[in-house]
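Input: a single structure, listed below in structure tokens.
The values are calculated or read from the model by the stated rules, or taken from the named source; none is laboratory data. Since this is a predicted model, take the numbers as computed values, not measurements. Quick reminder, even Gly has a Cβ in these numbers, built from the backbone with ideal geometry, and neighbours come from all protein chains shown.
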């Protein structure tokens with residue numbers, strides 16, 4: 001019998017238990033706080049590769065661009081697409097020009113959201129842009145609601161202190177549903 005085996009164990013059990021280090025759980029996963037690679041990934045290989053590629057490109061960039069332009073002018077469609085993509089990159093998003101009513105209260109915010117929806121329906125604003133604008137307006141609405149709740153809570157606390165009560169209200173004041 002070898003060191004990795006013990007009496008009464010079948011062959012698969014002998015092999016699996018012989019390979020399990022102390023840092024592993026019985027199901028084979030690593031125990032919390034333990035890693036299968038305690039030293040971690042070696043530092044630098046990716047950065048070194050990228051630096052080498054950058055240096056190679058820097059030495060030949062001008063010649064490569066001249067050749068791409070030459071091929072594009074000769075009618076190579078892939079080279080033409082490459083050049084156009086470099087000259088005119090795709091716009092991620094463009095500024096939105098839309099006239100909104102002032103949003104100084106929660107009711108004003110609701111009117112502004114209606115204006116955004118109308119602009120999207122008319123095609124003046126892309127749906128994704130309308131969605132982002134509505135999300136910003138919703139944040140503003142929640143700010144107004146939070147401020148209003150704070151004012152109400154202060155009033156209730158002031159009324160409770162005037163009445164001389166600082167304890168929490170009884171359960172009868174807030175019956176369960």
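Residue check: is residue 27 at pLDDT 85 or above, out of contact with any helix residue (DSSP H, G or I) (no Cβ under 7 Å at 6 or more places or on another chain), over 30 Å from residue 134 (Cβ atoms) and in a loop (DSSP other than H, G, I, E, B)? So residue 27 passes the test.
On the given criteria, is residue 66 at negative phi, at pLDDT 80 or above and touching a strand residue (DSSP E or B) at 6+ places or on another chain (Cβ under 9 Å)?
Spelling it out, it is not the case that residue 66 is at negative phi, at pLDDT 80 or above and touching a strand residue (DSSP E or B) at 6+ places or on another chain (Cβ under 9 Å).
For the range 77-85, the criterion of being modelled with pLDDT of 90 or more and either more than 30 Å from residue 65 (Cα to Cα) or touching a strand residue (DSSP E or B) at 6+ places or on another chain (Cβ under 8 Å) (or both) is met by none of the residues. Name every residue in the range 103-141 that is more than 26 Å from residue 93 (Cα to Cα) and either loosely packed, with under 13 Cβ neighbours inside 10 Å or in contact with a helix residue (DSSP H, G or I) (Cβ under 8 Å, 6 or more places away or on another chain) (or both), in order of residue number. Across the range 103-141, the qualifying residues are 104, 105, 106, 107. With respect to being modelled with pLDDT under 90 and either surrounded by 14 or more Cβ atoms within 10 Å (Cβ to Cβ) or more than 30 Å from residue 62 (Cα to Cα) (or both), residue 172 fits the description.
Going by the conditions given, is residue 148 touching a helix residue (DSSP H, G or I) at 6+ places or on another chain (Cβ under 9 Å), farther than 30 Å from residue 65 by Cα, loosely packed, with under 14 Cβ neighbours inside 10 Å and modelled with pLDDT of 90 or more? Considered against the rule, which asks whether it is touching a helix residue (DSSP H, G or I) at 6+ places or on another chain (Cβ under 9 Å), farther than 30 Å from residue 65 by Cα, loosely packed, with under 14 Cβ neighbours inside 10 Å and modelled with pLDDT of 90 or more, residue 148 comes out as yes. Per the conditions (1) loosely packed, with under 12 Cβ neighbours inside 10 Å; (2) modelled with pLDDT of 90 or more; (3) within 28 Å of the chain's Cα centre (by Cα), the sole criterion not satisfied by residue 95 is (2).
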